[in-house]
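K.L.:
Pasting a structure below so you can have a look.
FYI, it's all coordinate maths here, none of it is from the lab. In this text, all values refer to a predicted model and were calculated from it rather than measured experimentally. Positions of Cβ are backbone-derived with ideal geometry, glycine not excepted, and every protein chain shown enters the neighbour counts.
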Amino acid sequence: MAGALAAGQYLSSRGGPEDFPLVANGKATPLVVSSADHPGVVRAARDLQADIERVTGVRPGLYVDHVPAVAEVVLIGSLDASPLVRAVGLDTTGIAGRWETSLTETVTRSAQRALVVTGSDQRGTIYGIYEISRQIGVSPWYWWDDVPPLHRHELHVRPGRHSLGPPAVKYRGLFINDENPALGTWAPAFFGPGLAPGHPGGFNHGFYEKVFETMLRLRANYLWPAVWGRAFAEDDPLNHATAKRYGIVMGTSHEAPMMRGIEEWNRHAVPAVRGPDGTITTPGHDPYGGTGEWSFRHNADALRAYWADGIRRMVTQDFEGVVTVGMRGTGDTRLPDGDSIDLMRDILAAERKILADVTGRDPATVPQVWTLYTEVMRYWVEGLRPADDVTVVFPDDNWGNLRKLPDPGLPSRSGGYGLYYHFDFVGSGRCYKWNDTSVIANTWEQLNQAYEYGIRRLWVANVGDLKGNELPLQFFLDYAWNPTALPLSELSTWERGYAGQNLGAGVADELGDLLHDYGRLQALRKPELLNRRISVAPGKDPSTDPTAIVYDDQASPYSLVDYGELDRVTDQWHQLAVRAEQIGDRLPAASRDPYFELVQYEVSSMANLHALRRAEFTNLLYAEQGRAAANDLADEAEARFAQDLALADRFNTEIAGGKWRGFQTQPHIDYGDVARYGPDAGWQQPQVDNAAIPDVLFPAVRRIPLAEDGVLGVAIDGSALSWPGASETAMLPEFSPFQSQPAQYIDVFNRGAKRFTYRVWTDTPWLVADRPAGVVDRQTRVTFHVDWRRAPIGTTTVPVVITGAGESVTVRAVVAHRELPPTWGHGFVEANGYVSVNADDVSANIAAHGVTWQRIPDIGRHGAGMKPFPVTATSQPAGTGPRLEYRMSLFTTGVVTVWAYLSPRNDVLPTPGLRYAVAFDDQAPQVVDVIAATGSDSTALNRQWERNTSDNINLTRTRHTIGTPGPHTLKFWMVDPTVIVQKLVVDTGGLRPSYLGPPASVQR
């Protein structure tokens, strides 16, 4: 299979009369390159030689500067460097002079046929080479995930002009970051031995060779190298030369200006002494690093010299680079000198002069980027502009949500705009570094929006350890190469192509669906946040008061008692793990290891972690209620913890013969243990010793003493209390003939060690218990349903009496038997005190001014979302833009609350805020500014923003008055085009607290 995105399938295992044979009848056609070509092309030709052998078992010859006298050859070379290719007389229309564009075509000269693989430049040719490798069945991830190629006896190239490029985004790349402990543990052990003396292990040229090759196979061209205590130029003197040899464009991250990693300064900085007047003096100078303080205000001369050394190194070593400009603090922080715009203007000017002085060129000819990361965005918003040729990079908010877009009203920039996007993050809210938690639909929507707003010069993705984020990175790079090939309608096709590329066409459809469902479940909540509940303090307003947001790091975000929420999510993960196991069992032995690396570990470990958290938090609830089952759940939680360790150990020691030893070492369970790890434990990964797996179970489970005899306990749906003992009356959630929530239940449980018999009794034959009597060992769940044919019209309260072990408890059941008049028509029906609708389940979708709402399947926490298209539409006054309508039948009158569940977006446009409008029927639309209503500030990364990103939703509310019972229409208008609505809930007085909200209401 060609893979997730290809130039049309032109490789085949069966030859036709006009096809060109790469391998046929047990013989391989020789490959020919010129020594005058770019080194990266010659090197990639050797990879093609190896790839053909991997697939067929036949190794083609590779000739340099010599064309053998045979009937057919493969000529490989760049138009700008290879005399062999130039001599062929190839029609280069549409290729020559373009950026990174390839052409593969069969030509005949004299008596010899040649398959010419060429490109407009070095990387164009390399991409053409690797496209053949991809199409014959060599995955870009063959080394990083041990993916075996599918064996083929023959390989043939179909006739025609097969071209790739030019890419839509000029520079496309990745940032290896946050690489400890996983990559930082594995790489030094794997790449340390066997290298030449003087070259350190770990992040050396041997490591980067594997990174660079994979990048080129993915059609990436740009890298920010690892930064946690690492210096690319110093860790191995061959690193930059290796990048040049491969044809990779080097950069440095947003905190590392002028082609020098921050770690270089940190390693060599000489302690400084600041005098009373603020001047800096030092006892010495290190010519390879910094001198004194990282401060342009107080230490500008040392910084100029340090930066000049970085540019001088780029010139001397003659590698291709994009120079980061601007300045931040040395620890990925704000500048220590403050955020004066005049100071930043001076910094940019000084860097500009260094570029001119050291290179001897017009700085406009040196590619540069200024990344508006976190606090740096303020400079742009307040009007500071770098030179027009500098690429201005707009970042997301670290959680996959763009922070700003270029103002369409601004003049175009010759340097254009770039994007910095995260699939991994260390910072406020909470670090997420373990498993891939991306959602392809969400990524597509944000990349599409960025591209449509003109962000097309440079895209870079933070991929953490690289391994573990294969799927989102490949999608990111595929989209950057050709957005038009990946419209919304093709996302499932891409997922299936990715699955087939790595694990075979036989499981492509099934596995693509599984990967899709994995992403859909990850959208609910990141695993690192499964022990954090975020809520609003009673009586406080989160839009104005930062203290209104309350964190509880020892509580499940999912409700344990309402809407079956925790069980529902955990069961979905379990079902996904069962599917993954079934697929894995059918795979051939050679695919078992890559399957574990790419799919099964992530799915199984996530399912196990959810089961662990369910056991853990249910244990804590049951311990409070005195249930004997609490002790069993403590055992289960600890067993699940052991299983977490076992899965990681299998990854580290068994997979690929132990190749990945030390890789699965990322903590992911004990976030929030402030007592053990200090005040930063709320967001930072647990900082512990270098044990192989440092996780601990937090919060700790509880075990309780039990009475010797059996003791009756009763708990009910919708309450964390238990009886006998609670002072409140036990009241079940209201029963309704229109309810969609799970059936109401009563748990009859044991507070002692011996079993006992129980009985559930009501005085009405139409309220039916499924287990009216039995024996309780640990606990029994009794669910109820109403025989609506016999139940009286109106609201009836029915006592339910539970007896056992010599005690009794009375629970009240409220049964609301309402009739729906036929004149009310169709729509969602109120039940249990609410109406809940999925945003895509519309009664009417009404366009306006050329703008319409479009469904984006599975974009977020609540499945599909609705977003206005085109994304570049202008904002509309309230009540005039496109709208969504939802017909519903309401029995309740008076004031109701409408909760809007929106994707957690930021105010990216120059218009104020992020707005929508909502109303019932013909009432005046209420305009809601989502940013103002939630108090979210992605610039300050405040607590309100942390809540939105952690919960993966922007939750806002409006209040409306319903005058009469009957049919009503809820209307939802676009005001700003970047709002995405996922779910709407009308609270008529019975809505219960939960993370996901109630299930969708019944429609009649």
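K.L.:
Report, as a whole number in µm² per second, the diffusion coefficient that Stokes-Einstein gives for the range 712-817 at 37 °C and 0.692 mPa s using the Kirkwood radius over alpha carbon pairs.
P.N.:
234 µm²/s
K.L.:
Tell me which GluC sites (Glu not before Pro) from the range 328-401 have a DSSP coil assignment and no more than 12 other beta carbons within 10 Å of their own.
P.N.:
Qualifying residues, ordered by number: GLU382.
K.L.:
Give the percent of DSSP beta bridges with both residues in the chain that are antiparallel, rounded to the nearest 5.
P.N.:
Beta bridges within the chain, antiparallel portion: roughly 70 percent.
K.L.:
Restricting things to Cα coordinates, could you compute the convex hull volume per residue of the range 941-1004 in Å³?
P.N.:
It is 148 Å³ per residue.
K.L.:
Sticking with this structure for a sec: Reachable aspartates and glutamates from LYS971, Cα under 20 Å, same-chain residues fewer than 8 places away excluded?
P.N.:
Here the aspartates and glutamates satisfying the reach criterion relative to LYS971 are GLU830, ASP840, ASP841, GLU885, ASP921, ASP922, ASP929, ASP987.
K.L.:
Let me check against my output: what whole-number percent is the relative contact order of the range 712-817, with C-alpha pairs under 8 Å and at least 6 apart? Working shown, then result.
P.N.:
Working: 232 pairs, mean separation 34.2, N = 106.
Normalised by residue count, the contact order of the range 712-817 is 32 percent.
K.L.:
Here's a follow-up. Any chance you could list P(r) for the chain, counting all Cα-Cα pairs in 10 angstrom bins from zero, rounded to whole %?
P.N.:
P(r) for the chain, in whole percents per bin: 2, 10, 18, 21, 20, 14, 8, 5, 2, 0, 0.
K.L.:
To check you understand DSSP bridge types, tell me what percent of the beta bridges within the range 11-164 (both residues inside) are antiparallel, rounded to 5.
P.N.:
If I count the DSSP bridges inside the range 11-164, around 60 percent turn out antiparallel.
K.L.:
Take every Cα-Cα pair in the range 822-987 and report what % of them are more than 28 Å apart. Don't skip to the answer; put the middle values down first.
P.N.:
Values: 2520 of 13695 pairs.
Taking all Cα-Cα pairs of the range 822-987, the fraction more than 28 Å apart is 18 percent.
K.L.:
Expressed as a whole number of Å, what is the distance separating the alpha-carbon centroids of the range 61-81 and the range 529-579?
P.N.:
Between the Cα centres of the range 529-579 and the range 61-81 lies a distance of 62 Å.
K.L.:
Give me, ordered by chain and number, the residues 5 or more places off ALA523 or on other chains with an amide H under 5 Å from its own placed amide H.
P.N.:
none
K.L.:
What helices does the chain hold that run 15 Å or longer along their axis, going by alpha-carbon atoms, with a Kyte-Doolittle average of -0.5 or more, using DSSP H for the helix calls?
P.N.:
The qualifying helices are 39-56, 122-136, 205-217, 341-359, 470-481, 601-625, 629-653.
K.L.:
Out of residues 5 or more away from GLY415 or on other chains, whose amide H comes under 5 Å of its own, with H placed 1.01 Å from N in the peptide plane?
P.N.:
ASP389, VAL390
K.L.:
Follow-up. Between the range 376-443 and the range 124-144, what is the separation of their alpha carbon centroids in Å?
P.N.:
Rounded to whole Å, the Cα centres lie 30 Å apart.
K.L.:
Greater than 28 Å separation of Cα atoms is the criterion. Which listed pairs, LYS433/LYS540; LYS27/LYS244; LYS540/LYS983, meet it?
P.N.:
In this structure, LYS433/LYS540; LYS27/LYS244 exceed 28 Å between Cα atoms.
K.L.:
Quick check: from the Cα gyration tensor, does the range 452-580 come out rounded (a/c under 1.5), prolate or oblate?
P.N.:
The shape class here is oblate.
K.L.:
Ranking ASP478, ASP19 by Cβ neighbours within 10 Å, fewest first, what do you get?
P.N.:
By the 10 Å Cβ count, ascending, the order reads ASP19, ASP478.
K.L.:
Based solely on its DSSP helices, what 222 nm [θ] is calculated for the chain when runs of n ≥ 4 H residues each add -39,500 (n - 2.57) and the sum is averaged over all residues, nearest 500 deg cm²/dmol?
P.N.:
Value at 222 nm, helices only: -8500 deg cm²/dmol.
K.L.:
Summarise the long-distance tail of P(r) for the range 330-397 by giving the % of C-alpha pairs beyond 19 Å.
P.N.:
Considering the range 330-397, 36 percent of its Cα-Cα pairs are separated by more than 19 Å.
K.L.:
Another question, then. Once phi is turned into ³J(HN,Hα) by the Karplus curve 6.51 cos²θ - 1.76 cosθ + 1.60 with θ = phi - 60°, what whole-Hz value does each residue of the range 929-939 show in order, with x for glycine and proline?
P.N.:
8, 4, 5, 5, 5, 9, x, 6, 9, 6, 6
K.L.:
For the range 660-671, in order, what is each residue's ³J(HN,Hα) by Karplus, 6.51 cos²θ - 1.76 cosθ + 1.60 with θ = phi - 60°, in whole Hz (x at glycine and Pro)?
P.N.:
Running phi through 6.51 cos²θ - 1.76 cosθ + 1.60 with θ = phi - 60° gives 9, 4, x, 6, 8, 10, 6, x, 8, 10, 9, 4 Hz.
K.L.:
Can you sort SER559, SER492, SER102 by how many other beta carbons sit within 10 Å, fewest first?
P.N.:
Going from least to most buried by this count: SER492, SER559, SER102.
K.L.:
How big is the range 11-164 along each principal axis, measuring the range of its Cα positions in Å and listing the largest first?
P.N.:
37, 36, 26
K.L.:
While we're here: What ³J(HN,Hα) values, in whole Hz, does the Karplus curve 6.51 cos²θ - 1.76 cosθ + 1.60 give for the range 969-984 when θ = phi - 60°, with x put for Gly and Pro?
P.N.:
10, 8, 10, 10, 9, 6, 10, 9, x, 9, 6, 10, 9, 10, 7, 10
K.L.:
Tell me, how many Å apart are the Cα centres for the range 451-509 and for the range 877-911?
P.N.:
The distance from the Cα centre of the range 451-509 to that of the range 877-911 comes to 32 Å.
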